1. In region 259-451, what percentage of the DSSP-assigned beta bridges are antiparallel, given to the nearest 5?
2. Under the rule of at least 5 residues apart or a separate chain, name every residue whose amide H is placed under 5 Å from the amide H of Ile444.
3. Summing +1 for each Lys or Arg and -1 for each Asp or Glu, what net charge is found among the other residues whose Cβ lies under 11 Å from the Cβ of Arg20?
4. Return the inverse of the average 1/r over all pairs of distinct C-alpha atoms in region 259-451, which is the Kirkwood hydrodynamic radius, in Å to one decimal.
5. Please give the contour-minus-distance gain from Ser17 to Ala265: 0.36 nm per residue of separation, less the Cα-Cα distance, rounded to one decimal in nm.
6. Treat every Asp and Glu Cβ in the chain as -1 and every Lys and Arg Cβ as +1, leave all other atoms uncharged, and give the resulting dipole magnitude about the Cα centre to the nearest 20 debye.
7. Can you tell me the 0 to 90 degree angle between the C-alpha axis of helix 185-197 and the longest principal axis of the chain, rounded to 10?
8. Highest mean first, what order results for 351-359, 103-111 on Cβ atoms within 10 Å?
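Here, each number is a calculation from the coordinates, and none is a lab measurement. Everything numeric in this text was worked out from a predicted model, so none of it was measured. So basically every Cβ, Gly included, is an ideal-geometry build from the backbone, and we count neighbours across all protein chains shown.
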Amino acid sequence: MRKIENFIAGEYVAAASGQRFDKRSPLDNRVIASIAEAGRGEVDAAVKAARGALNGEWGGLTTEQRVELLYGVANEITRRFDDFVEAEMADTGQPAHVQKHVFIPRGAANFKVFADVIKNVASESFQMATPDGRGALNYSMRVPKGVVGVICPWNAPFMLMTWKVGPALACGNTVVVKPSEESPQTAALLGEVMNAVGIPKGVYNVVHGFGPDSAGEFLTQHPGINAITFTGETRTGAAIMKAASEGMRDVSFELGGKNAGIVFADADFDAAVDGIFRSAFLNSGQVCLGTERVYVERPIFERFVQALKVKAEAVKFGRPDDHNANYGPLISQEHRDKVLSYYRKAVEEGATVVTGGGVPEMPGELTAGAWVQPTIWTGLPDNASVVRDEIFGPCCHIRPFDSENEVVALANDNVYGLSTTIWTNDLARAHRMAARVEVGITWINSWFLRDLRTPFGGSKQSGIGREGGVHSLEFYTETRNVCVKL
Ligand code: NAD
């Protein structure tokens, strides 16, 4: 069993209270790690360490020096690739191929890409007239916000954490990270990387614990935090926003979604089935950008439902390192209870269960894991809770539509507005739809393709702000003007 400690000022430290909590494997519910739970004292020490680094060595580095160090972080993650893959597999139970080909490489890229972005940022300058005729020169500079609180979820822990830590450090901030209680291991491991590369102590700190009345809340309430970046549920975002209002701290939020997948009859049928399958079931449906509402044009509706059913029934459950398996469990028993409660609700609300709806039979100790079947429903009214709420599991409801206007109205009829995926071979229609669907990210004939330089974020209750490429600078820096009398 692993022992995971807080990482403060370059040292791994237990909680002064001695308080610890357990992390259980999603595969079989065994306790796999014991984690030090940070109290107010550890959070305060982490914020002080971050402030000290900002006012000390880190704050004095040039952009070029920071960039070199961040390249070093990316390289060291790549060198320790297997350790990160193994830690992430242990926490999430998700298949090795997802970690190896998507999540961990993206984590390393998050340091490299934002180092490149910051290297190429220009600033503006203006010469102005003055009454004495000598004039003045104004120039602007981007300065770090200060100490940034980073609060992370469990569904793609390393990728989503580094997506924030990378740009925050590239911009010259220091961070205190609170990983999810369900996925503490890669955040802890990153401390070793920071030390190995020579990132000054206090630049990167990690405090472990839960949300309310625990490390999450202690961090967001701490007056020494200048800005808070958060990925997680919308209602958690609302609580954090309240905490951030004390002291007028800026927030960047990446929140929940109930994303629509829209398939027109003229689409490449097989590509659309594959794309919707991936978007509904990758990572066992625990992807904020995943599709839980599928709208299919009526002429191909029945055929589409049958094709998706075949694919869903072909998944192979198993351990992450089982080469014959391609499908993992949910993150925890608690999350499985939530997902299964929606599986029951769907039936109560009158759904036709096309496939799934329960728990798969697993061998041996895996019976104790958080497994659920990929599930497809049809026949629900548009106001059913299963069609409206984010479930965050491997499931989707499929409904037929007859016109472009109808499907735009259906797609937009939700409080969330994170992403959509549209499948059609009519280019003009694709662009019309992209302009009308109320989301932050639209994919046409694709899903989950991400260039890290592009803006990422949600509309409506799916988020506040955009991160990615130069857009991250809007949040992680402030612009200061300097006026020089000539
Ligand atoms: P969550 O909101 O339950 O928890 C996220 C983090 O917030 C955890 O570290 C948790 O401990 C902490 N937290 C909880 N309450 C807090 C409080 N009051 N104060 C401070 N911190 C608190 O979310 P989750 O279950 O870990 O993740 C799943 C959710 O994340 C889904 O809603 C999903 O859509 C969303 N998500 C969004 C994106 C995006 O980019 N928009 C990406 C991934 C996940």
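1. Numbers: 3 of 26 bridges.
That works out to approximately 10 percent antiparallel.
2. Hits under the 5 Å cutoff: Ile422.
3. Working: positive: Lys3, Lys23; negative: Glu5, Asp22, Glu37.
Surrounding charge for Arg20 is -1.
4. Details: mean 1/r = 0.0594 Å⁻¹.
Evaluated over region 259-451, this radius sits at 16.8 Å.
5. Values: separation 248, 0.36 × 248 = 89.28 nm, distance 6.13 nm.
Length gained between Ser17 and Ala265: 83.1 nm.
6. Values: 49 positive and 57 negative charges, 170 e Å.
The calculated dipole for the chain is roughly 820 debye.
7. Roughly 30 degrees between the two axes.
8. Numbers: 351-359: 17.3, 103-111: 23.4.
Descending packing order for the listed peptides: 103-111, 351-359.
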